[in-house]
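So the structure is just underneath, and the comments pick up after that.
The values are calculated or read from the model by the stated rules, or taken from the named source; none is laboratory data. Because the structure is a prediction, the values reported are computed rather than measured. Positions of Cβ are generated from backbone atoms using ideal geometry, with glycine treated the same way; all protein chains shown enter the neighbour counts. Note: accessible area is taken over every heavy atom of the protein model, side chains too, but ligands, DNA and RNA are not part of it. Shrake-Rupley method; radii C 1.70, N 1.55, O 1.52, S 1.80 Å.
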Amino acid sequence: MRLLPPLHLHLPAHGRGRGLAPALRQLLRQPPGSWDLPELPAIGGPLLAAGAVATSQRRCAALVGAERCWFGVNGASGLLQAALLALAPPRSRVLLPRNLHRSLLHACVLGQLEPLLFDLPFDTATGLWLPPSPDHLAAVIAAARAAGPLAAVALVSPSYQGLAADLPALAQVVHGAGLPLLVDGAHGRGAGIAAGVDLEVLSLQKSAGGLAQSAALLAQGPRIDPAAIERALLWLSTSSPSGLLLASCEAAIEELAGGGGQRRRTQAQAVAARLRQRCSASGLPLVQTHDPLRLVLHTAALGINGLEADDWLLQRDVIAELPEPATLTFCLGQRPPLGVSWRLPQVLRQLRRALGGPPLAPQEPPPLPLVAALAMPIAMAWRATSQPLALTQAAGAIAAEPLCPYPPGIPLLVPGERIDAARAAWLQRQSTLWPGQIADTVRVVAAQEPTGR
Ligand SMILES: Cc1ncc(COP(=O)(O)O)c(C=O)c1O
């Protein structure tokens with residue numbers, strides 16, 4: 001007999017409707033389907049200059065302090081692709097962080113861009129990438145520039161777990177180098193625009209009260225050409241954007257930036273603070289991050305792999321968001337579930353009793369150069385004739401597909417990268433830490449394919 005409802009601590013952040021933005025909740029009370037409207041003249045769409053959507057995009061831009069805002073109905077993924085295509089012409093080189101979401105790689109394939117992947121500081125206790133310091137980013141740009149010009153730089157902030165970068169200082173470094181900065185703020189609330197970045201993408205289901213797939217692209221400043229953005233959006237967008245999702249974009253941004261939303265967020269943060277306090281009182285190790293509504297349990301300190309902890313909790317109706325080898329991230333959402341502040345510490349204490357042991361060994365940073373260029377263009381490698389190869393024999397081969405545990409959707413290996421012996425050995429060890437997520441084989445470009453650029 002089930003006595004308590006499952007604890008939903010995953011995305012979307014509206015928590016199965018409880019934290020939906022109020023205007024959206026109201027819309028969904030209308031007769032089913034009545035809101036599913038086409039681009040009627042009075043409504044318009046994200047790329048039309050007139051109509052309710054255009055007016056709403058202008059109002060939302062002003063609310064978050066941007067010059068322009070475009071709503072997206074294909075998630076942050078679709079808008080990240082459009083943003084990168086707008087910044088970088090075919091064959092140009094773009095500087096992307098190792099903790100990039102895979103959608104930026106997809107943009108490189110579609111736009112024939114050359115990704116240069118830059119290494120980030122890595123925390124061996126938690127296995128998490130850390131945001132770069134301004135000096136680190138300056139060194140990356142200098143190293144990449146030494147081999148040719150760049151078109152743009154991208155960063156992720158905050159991370160999935162809620163680690164935020166010093167965006168004002170990083171924007172200064174990138175702008176000082178004469179380059180535009182795109183921030184993947186999928187998990188954030190618009191701090192990039194406030195920090196002066198050129199483009200920022202928000203996923204409005206991740207830290208606001210929107211439905212899945214609703215997202216926003218924010219732009220400002222002289223380095224951005226709105227016409228180039230609209231062209232790229234046109235290439236990638238449906239010609240029938242969902243009226244419901246567009247309304248979700250509007251409602252989520254209005255809530256995110258408005259007084260009512262702030263009040264509800266303060267209430268959610270009070271629950272989160274109580275939960276943290278109870279976890280700490282129970283000696284449960286938490287990772288410090290900048291997002292009060294993401295709780296990151298440091299499972300490695302308890303002697304437990306985060307994926308193993310996730311399996312155990314799922315069997316007890318506790319549904320977390322992001323299991324990784326040394327951590328497990330819970331999304332508390334816009335309106336945390338009732339009782340979470342006592343239920344979660346209780347079940348986490350049971351987890352520790354059931355699976356806990358001595359702390360796990362430190363996580364091993366990937367053996368990566370500061371800046372890596374691909375051995376074969378990504379668009380060619382990903383389409384090449386390929387064959388499976390055991391990781392034990394992969395040294396020297398070129399990857400034909402990404403190795404990408406999901407979530408978080410961060411590739412450990414990118415198509416076109418040459419796998420050296422140290423990387424092959426590291427990937428073998430990773431495959432044991434991500435059971436079921438990384439196979440012990442990798443698809444590599446077949447031997448007869450040309451490997452030139
Ligand atoms: C850092 C980051 N960027 C972008 C995305 C894609 O967002 P969406 O699911 O809205 O397409 C994700 C999804 O998990 C993400 O973690």
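With all protein chains in place and ligands, DNA and RNA left out, the 1.4 Å accessible area ranks TRP35, TRP70, TRP235 as TRP235, TRP35, TRP70, largest first. If only the Cβ of Lys and Arg carry +1 and only the Cβ of Asp and Glu carry -1, the dipole of the range 1-373 around its Cα centre is close to 1180 debye. The ellipsoid equivalent to the alpha-carbon distribution of the range 181-268 has semi-axes of 23, 18, 9 angstrom, derived from the gyration tensor eigenvalues as √(5λ) and listed largest first.
For the range 374-445, the pair-distance distribution built from all alpha carbon pairs, in bins 10 Å wide starting at 0, is 23, 56, 20, 0 percent.
For the chain, the solvent-accessible area with a 1.4 angstrom probe is 41 square angstrom per residue. For the chain, with all protein chains in place and a probe radius of 1.4 Å, 56% of the accessible heavy-atom surface sits on carbon or sulfur. Accessible area per residue was computed with a 1.4 Å probe on protein heavy atoms; ARG58 scores about 140 Å².
Both the radius of gyration and Dmax for the range 1-373 are 21.1, 65 Å, in that order, over alpha-carbon atoms. The alpha carbon centroids of the range 375-444 and the range 147-191 are separated by 26 Å.
When you count, for each residue, the other Cβ atoms within 10 Å and take the mean per peptide, how do 141-149, 342-350, 252-260 rank with the highest first? List each step's numbers first, then the result.
Details: 141-149: 14.0, 342-350: 17.0, 252-260: 20.7.
Going from most to least packed, we get 252-260, 342-350, 141-149.
Between the listed residues ALA232, ALA372, ASN305, the Cα displaced farthest toward the positive end of the dipole of the chain, a dipole computed from Cβ unit charges relative to the Cα centre, is found at ASN305.
Across the range 1-373, Cα pairs under 8 Å and at least six residues apart give a relative contact order of 24 percent.
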